[in-house]
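Some notes on the structure that comes next.
The values are calculated or read from the model by the stated rules, or taken from the named source; none is laboratory data. Because the structure is predicted, anything quoted here is derived from the model rather than measured. Cβ coordinates were reconstructed from backbone atoms using ideal geometry, including for glycine residues, and neighbour counts include every protein chain displayed. All accessible areas refer to the heavy atoms of the entire protein, side chains included, with ligands and DNA or RNA removed. Shrake-Rupley method; radii C 1.70, N 1.55, O 1.52, S 1.80 Å.
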Amino acid sequence: MKVFHNALSQRFTEYPQFGVLRGVKVFLTATNIAAPFAGSLMAEMGAQVLRVEAPNIACTSRGTTMCAQQHRNEYSITLNTATKRGQELFMKGIEWADIWIEASRPGSYDKRGLTDEACWAVNPKLAIVHVSGYGQFGPYKDKASYDVSGQAMGGYMYVNGMSPTSSPMKVNPSLSDYMTAYNACICALAGHIHALKWGEGDSCDIAQYEHMFKLLENYPSVWFNKGYPKAGEPVPYRTGNKHDVSACFSFYDTKDGSAIFVGMVGQGPTARGFPMIGMPAPGSDEKVPGCPEGADTVDGKCTGYPLFDPRGARADALLEKFCAERTAAELEKIFEEASIPCQKVFGPEDILNDPQFEARENIAEWEDQVYGPMKGIGVINKFKKHPSDIVCAAPLFGEHNREVFKIWGLSDAEIDDMYAKGEAAQWSAADTARNKMLKEWGYFWDPERQAKRIGLE
Amino acid sequence: MTVVNNVLHQDFAAYPKFGVLQGVKVFVTGTNIAGPFAACLMAEMGAQVVQAEMPKIPCQTRGTYSWAQNHRNCYAITLNAATARGKELFLKGIEWADIWIEAGRPGGYEKRGLSDEVCWEHNKKLSIVHVSGYGQFGPYKDKASYDVSGQAMGGYMYMNGVSPTSGPLKVNPYLSDYVTAYNTCIVALAGYIHAKNFGEGDSCDVAQYDNMFRLMDNFPAKWFNKGGIPGPGEPVPERTGNKADMACCFSFYDTKDGSAIFVGMTGVGPVERGYPIIGMPAPSAEEGAEIPIGCTGLPLFDPRGAKAEKLMEEFCAARTAAELEKIFDEAGIPNQRAYGPADILADPQFEARENIVEWEDTVYGPMKGIGITNRFTKNPSKIVASAPCLGEHNREIFKLWGFSDADIDDMYAKGEVATWDAATTAKVKLLKEWGFFWDPERQAKRIGLE
């Protein structure tokens, strides 16, 4: 566990200089994961990320441990681009930023006159990314976007399932949202590189569904060149934890309800592994039961079999049985001693006690404004010279309104007026806990202490 | 289907100028997906990508559809960094490049005297990414890396499964490899931006397992703060398959035709319109009504929620995905059915956004597959050239790097470099024999295969 000594709050004008993205400014008008998480990734690498929410609609993830974890290092303001003052402030953000990422319904900024071209008129170098479920054009562009838009429509669920005759299956947690965020981050950085090199930004239209489609590997080529199953026919790609071709190269269920990957292929692993699971030793005269003559012994140079070879099917069944009778820890020990590649499935306990997670400081404890000291995912991607860092807690809703708006030329009186009219809003830590029922709904793990810490009655 | 008019072979010296990454030069030494696919993403955006393979150990994906699709626009050379000449060539690549991505065993380059510092002596602006399964340090650094390293050790499989009492489940296809590639692309570009802004590159250590761990949302925070982690053999509540873990009528439901459809019957409108459709009482203002007016949905642990969920399951199981889509669309209830190949091929959104393309591959000829995603307004990404054959650009690039034809002939004679043409690829990879061709006679003839 790596303990970070982060600030709870940081001033906009005193953003610490660290990371490979030091000096890069990101303006983010979006909620949930698909777009904002791109900003989170950049903020860890030292970019200064200013996140915008509507004053009357806080991000639905506000108050969750997810928000506390994914928005570390960032700044928060509120503005409503439907109002004139909101539009003025928005354009200030555009002038300030190198990158703008948004995830509203396609066309909603255009409708308010805040087109890409209007943005470039004040900042020709701006890299713009529009994130949506279905894209900025095409017949479905107005459909509401969910994580499932990507997983289901992108074809990703189609290739997942327990067996060829089971139904398609979605992937946990919010795979399509997170992958879209990674992709948005790539496009934002690529657009910024273009501006750095050639002096002008570009605008990119990202759709969740097509992004998941992009991840389908060679399946679309197989389908659209060679063919695919008809409706209602078994879908051969749904093989759950099983490899679709190789025997003894899959995940196997263990006695203790977990699973372990075993890669008993190649000459060495086969020679050492086959006798262990009850297969004849390669090169011996022993017959494999139930196999046709001529294909019922194991060759001395055997590197493994496909599942459709009866010897492969037999070996795989034996390995299944072998694993089902032992715990994951026992199996790991056995296979590691025999130098047979294996990887047990890690759960929370494994992760918490693992020396590799520990050595790479993947689990972090930092201090959050709402929750106090908390544990969660730390920094990955180890840069040699300019390490990523957790310098500050996730900001509260609207925390930096006043500081940022004053830099952008508003007076205290004008900002007071905005608050009075509901054009800007702010939550304290206690407000967050109250609005999001953190105590009542069991979000706190030490309710009394955590409530007291933020002055919650 | 969008037909792309790409070239089969492109000269290194004549790389077309397009895309947001035009002018960015990427050198890749690594095989399979986790490292190289990062560069493939950049090649679509106009970066010039040189992929180096070992002359005797080409990338395992050579000859597959995946190679043909993922390595479009790239250049291919071979070199063996264990030989003196290979090192020389390698450092030429380092001098040429803005970004170097490698995916060898941790420490492999250092052992050969090709450390980050040596690379920076040749090119101080170089942005370096080291990709591995477990990272460049730590007790597991020498373990061989697979896709499953990330999925299994990162905790991702733990979260997936059809029910709390079923085993953990891996995700298809090669999720951890692809996620790592995306992440690699991000850090490579970030390092490059740093070099642009401050005049010097950085080096980043990317591990597959911690990449997958990064995607675990708020689950680690729950486990490690609140506790309540199930003991061995106890049910794992996160494994809910296609079901939401809390809300009723907000999940994927199996359909009569073996597919599944997501239905989001939550919110005042969808509940009002949807509950009567599935056989639940309509929300009513009457006192004691089972569903009060203004109901936005129910949790699964509420008996009414459990009842609604069961009715929804039955409703969907009795109808095809297409029927359900029509019913829910007409009622204004958010839904999304799970697409298969036929849906994708016939879909107007895929068509409008040109997501499926046909291009010409050197080995396969005209073929269909995944097209361009991510639409840039001013500098669109493109497919300009086929995936290259092994070592296709050896001679051209090595000459640009100062080697004579005689030097290069000598390298070929000594097996220090290698080249496959299309027919060799097909022969070595048994494309005809193993049924990779979909029109074997024509495709074999096209590349002069006997």
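Can you tell me the relative contact order of the stretch B:350-450? Whole percent, Cα pairs under 8 Å, sequence separation 6 or more.
Details: 86 pairs, mean separation 23.6, N = 101.
Dividing the mean separation by the residue count of the stretch B:350-450 yields 23 percent.
Checking the cross-link filter: which aspartates and glutamates have an alpha carbon closer than 12 Å to that of B:Lys382, excluding same-chain neighbours under 8 positions apart?
B:Glu44, B:Glu354
Which of the lysines could be linked to A:Lys333 by a straight reach, that is with a Cα gap under 24 Å, when you skip same-chain ones fewer than 8 residues away?
Filter leaves A:Lys242, A:Lys255, A:Lys321, A:Lys344, B:Lys141, B:Lys143, B:Lys170.
Based on alpha-carbon centroids, what's the gap between the stretch B:390-426 and the stretch B:181-237 in Å, whole number please?
For the stretch B:390-426 versus the stretch B:181-237, the Cα centre distance is 39 Å.
Which pairs, out of A:Lys385/B:Lys111; A:Lys170/B:Lys432; B:Lys25/B:Lys378; B:Lys196/B:Lys378, put more than 25 Å between their alpha-carbon atoms? It would help to have the intermediate numbers written out before the result.
Numbers: A:Lys385/B:Lys111 21 Å; A:Lys170/B:Lys432 35 Å; B:Lys25/B:Lys378 20 Å; B:Lys196/B:Lys378 22 Å.
A:Lys170/B:Lys432, as the Cα separations exceed 25 Å there.
Any idea which of A:Ser284, A:Gln343, A:Ala259 is furthest toward the positive side of the dipole for the stretch A:255-357, if Lys and Arg beta-carbons carry +1 and Asp and Glu beta-carbons -1?
A:Ser284
Ignoring ligands, DNA and RNA, how do A:Arg453, A:Arg326 rank by accessible area with a 1.4 Å probe, largest first?
Values: A:Arg453 85, A:Arg326 65 Å².
Result, largest first: A:Arg453, A:Arg326.
Working with all protein chains in place, sort B:Leu21, B:Leu91 by solvent-accessible area computed with a 1.4 Å probe, largest first. Please list the in-between numbers first.
On the way: B:Leu21 0, B:Leu91 30 Å².
The ordering from most to least exposed comes out as B:Leu91, B:Leu21.
Helix-only estimate, please: 222 nm mean residue ellipticity of chain A, summing -39500 (n - 2.57) across DSSP H runs of length 4 or more and dividing by its residues, to the nearest 500. Each step should come with its number before you reach the end.
On the way: 16 runs with 148 residues, N = 457.
It comes out at -9000 deg cm²/dmol, rounded to the nearest 500.
In terms of the ratio Rg/(2.2 N^0.38 Å) built on C-alpha atoms, what value belongs to the protein assembly as shown? Working shown, then result.
Values: Rg = 27.6 Å, N = 907, 2.2 N^0.38 = 29.3 Å.
Compactness ratio reported: 0.94.
Sum up the charges of everything whose Cβ sits under 13 Å from the Cβ of A:Asn32, counting Lys and Arg as +1 and Asp and Glu as -1, but leave A:Asn32 out. Kindly include the intermediate steps, with their values, before the conclusion.
Details: positive: A:Arg51, A:Arg62; negative: A:Glu53, A:Glu102, A:Asp147, A:Asp177, B:Asp217.
Taking every Cβ under 13 Å from that of A:Asn32, the sum is -3.
Can you pull the accessible area of A:Asp389 for me, 1.4 Å probe, Å² to the nearest 10?
We get 50 Å² for A:Asp389.
Would you mind finding the longest exposed-site-free stretch of chain B, with exposed chymotrypsin sites (Phe, Trp or Tyr not before Pro) meaning DSSP loop and at most 12 other Cβ atoms within 10 Å?
B:1-300
Compare B:Thr377, A:Thr165, A:Thr254 by solvent-accessible area with a 1.4 Å probe and give them largest first, with all protein chains kept in place. Could you put the intermediate results ahead of the total?
Details: B:Thr377 85, A:Thr165 120, A:Thr254 15 Å².
Largest to smallest exposure gives the sequence A:Thr165, B:Thr377, A:Thr254.
Can you pull out the cysteines in chain A that have no other Cys Cβ under 4.7 Å?
Within chain A, the cysteines lacking a partner Cβ under 4.7 Å are A:Cys59, A:Cys67, A:Cys119, A:Cys185, A:Cys248, A:Cys291, A:Cys302, A:Cys323, A:Cys342, A:Cys392.
List the residues of the stretch B:313-337 that lose 20 Å² or more of accessible area once all protein chains are present, compared with their chain alone (1.4 Å probe, heavy atoms only, no ligands or nucleic acids).
Checking the loss per residue gives B:Pro334, B:Gln336.
Taking beta carbons within 10 Å but only from partner chains, what does the mean come to for residues B:346-352? If you can, show how the numbers build up before the last one.
Values: counts 0, 5, 3, 12, 8, 2, 7.
Average per residue, whole number: 5.
Only loop residues by DSSP count here, and only those with at most 14 other Cβ atoms within 10 Å; note down the trypsin sites (Lys or Arg not before Pro) in the stretch A:224-282 that meet that.
On the way: sites: A:Lys226, A:Lys230, A:Arg238, A:Lys242, A:Lys255, A:Arg272; in loops: A:Lys230, A:Arg238, A:Lys242, A:Lys255.
Those that pass, being in a loop and sparsely packed, are A:Lys230.
Report the B-A buried area as the accessible area lost on both sides summed, probe 1.4 Å, in Å² to the nearest 100. Before the final figure, lay out each step's value.
Working: alone 22360 and 22760 Å², together 32670 Å².
Rounded to the nearest hundred, the buried surface is 12500 Å².
Based on DSSP H runs of at least 4 residues, each adding -39500 (n - 2.57), what is the mean residue ellipticity at 222 nm of chain B after dividing by all its residues, to the nearest 500 deg cm²/dmol? Working shown, then result.
Details: 16 runs with 147 residues, N = 450.
Value at 222 nm, helices only, nearest 500: -9500 deg cm²/dmol.
Each label point is 7 Å from the Cα along the Cα-to-Cβ direction; what then is the distance between the points at B:Glu286 and A:Asp412, in nm?
6.1
Within 10 Å of each Cβ in A:385-397, how many Cβ atoms from other chains are there, averaged over the peptide?
2
Straight distance only, please: which aspartates and glutamates reach the Cα of A:Lys406 with their own Cα at less than 14 Å, same-chain residues fewer than 8 apart left out?
Qualifying aspartates and glutamates at Cα under 14 Å: A:Glu88, A:Glu414, A:Asp416, A:Asp417.
For a quick check: with amide H placed at 1.01 Å from N, whose amide H comes under 5 Å from B:Tyr75's, ignoring anything fewer than 5 positions away on the same chain?
B:Val49, B:Val50, B:Gln51
Once you list every other residue whose beta carbon is under 9 Å from the beta carbon of A:Phe397, what net charge do they have if Lys and Arg are +1 and Asp and Glu are -1? Provide the component values of the computation, followed by the final result.
Numbers: positive: A:Arg62; negative: A:Glu53, A:Glu399, A:Asp431.
With Lys, Arg at +1 and Asp, Glu at -1, the net is -2.
Using Cα-Cα distances under 8 Å and only pairs 6 or more residues apart, what relative contact order does chain B have, in percent? Please report the intermediate quantities before stating the final value.
On the way: 859 pairs, mean separation 95.3, N = 450.
21 percent.
Taking the alpha-carbon centroid of each part, what is the distance from the stretch A:57-119 to the stretch A:435-456 in angstrom?
That distance is 29 Å.
Suppose every K and R has +1 on its Cβ and every D and E has -1 on its Cβ; what is the size of the dipole of chain A about the Cα centre, in Debye to the nearest 20?
Details: 47 positive and 57 negative charges, 96 e Å.
Using Cβ point charges on Lys, Arg, Asp and Glu, chain A gives about 460 debye.
Calculate, for B:Ala444 and B:Ala352, the FRET efficiency according to 1/(1 + (r/R0)^6) with r their C-beta to C-beta distance and R0 35 Å; round to the nearest 0.05. Intermediate values should be presented prior to the final figure.
Values: r = 36 Å, r/R0 = 1.03.
It comes to 0.45.
For chain B, with a Gaussian network of springs between Cα atoms less than 10 Å apart, report the residue from B:Pro440, B:Pro341, B:Pro237 with the top mean-square fluctuation.
B:Pro341
Using the heavy atoms of the protein chains and a 1.4 angstrom probe, tell me the accessible area per residue for the stretch A:338-444 in square angstrom.
Details: 3940 Å² over 107 residues.
Solvent-accessible surface per residue comes out at 37 Å².
When only C-alpha pairs under 8 Å and at least 6 residues apart count, what is the relative contact order of the stretch A:1-89, in percent? Provide the component values of the computation, followed by the final result.
Numbers: 112 pairs, mean separation 23.4, N = 89.
RCO, the stretch A:1-89: 26 percent.
Tally Lys/Arg at +1 and Asp/Glu at -1 over every other residue whose Cβ is under 12 Å from the Cβ of A:Ala43; what's the total?
Values: positive: A:Arg22, A:Lys25, A:Arg51, A:Arg72; negative: A:Glu44, A:Glu74, A:Asp389.
It works out to a net charge of +1.
Counting heavy atoms of the protein chains only and a 1.4 Å probe, report the per residue accessible area for the stretch B:352-425 as a whole number of Å². Can you show the working numbers first?
Numbers: 2450 Å² over 74 residues.
Heavy-atom SASA per residue in the stretch B:352-425 reads 33 Å².
Evaluate peptide A:202-213: per residue, the Cβ atoms of other protein chains within 10 Å of its Cβ; return the mean as an integer. Working shown, then result.
Details: counts 8, 5, 11, 6, 3, 6, 0, 9, 11, 4, 2, 9.
Averaged over the peptide's residues, the number is 6.
Enumerate the calculated ³J(HN,Hα) couplings along the stretch B:110-117 in order (Karplus 6.51 cos²θ - 1.76 cosθ + 1.60, θ = phi - 60°), each rounded to whole Hz, writing x wherever the residue is Gly or Pro.
Ordered by residue, 3J(HN,Hα) equals 4, 4, 8, x, 10, 6, 3, 5 Hz.
Just in the stretch A:364-445: which GluC sites (Glu not before Pro) are loop by DSSP and have at most 11 other Cβ atoms within 10 Å? Walk me through the numbers on the way to the answer.
Working: sites: A:Glu365, A:Glu367, A:Glu399, A:Glu403, A:Glu414, A:Glu423, A:Glu440; in loops: A:Glu399, A:Glu423, A:Glu440.
Passing both the DSSP loop test and the Cβ count: A:Glu440.
In debye, nearest 20: dipole of the protein assembly as shown around its Cα centre with unit charges on the Cβ of K, R (+) and D, E (-)?
Values: 91 positive and 112 negative charges, 152 e Å.
Here the protein assembly as shown has a charge dipole of around 720 debye.
Roughly speaking, what is the centre-to-centre gap between the stretch A:143-190 and the stretch B:131-167 when only Cα atoms are used, to the nearest Å?
Centre-to-centre (Cα) distance: 20 Å.
Would you kindly state the longest site-free stretch of chain B, with sites defined as trypsin sites (Lys or Arg not before Pro) in a DSSP loop (not H, G, I, E, B) surrounded by at most 10 other Cβ atoms within 10 Å? Don't jump to the answer; show the numbers that get you there.
Numbers: sites that count: B:Lys17, B:Lys56.
Result, exposed sites excluded: B:57-450.
Indicate the helices, whole DSSP H runs only, in chain A that combine a mean Kyte-Doolittle hydropathy of -0.5 or more with a Cα extent along their long axis of 24 angstrom or more.
On the way: long enough: A:175-198 (34 Å, 0.57).
Counting only whole DSSP H runs, the qualifying helices are A:175-198.
Percent of accessible area on the stretch A:80-124 owned by carbon and sulfur, 1.4 Å probe?
Details: 970 of 2030 Å².
Of the solvent-accessible surface of the stretch A:80-124, carbon and sulfur hold 48 percent.
With +1 assigned to the C-beta of every Lys and Arg and -1 to the C-beta of every Asp and Glu, and no other charges, what is the dipole magnitude of the stretch B:211-298 about the Cα centre in debye, to the nearest 20?
Details: 7 positive and 10 negative charges, 87 e Å.
It comes to approximately 420 debye.
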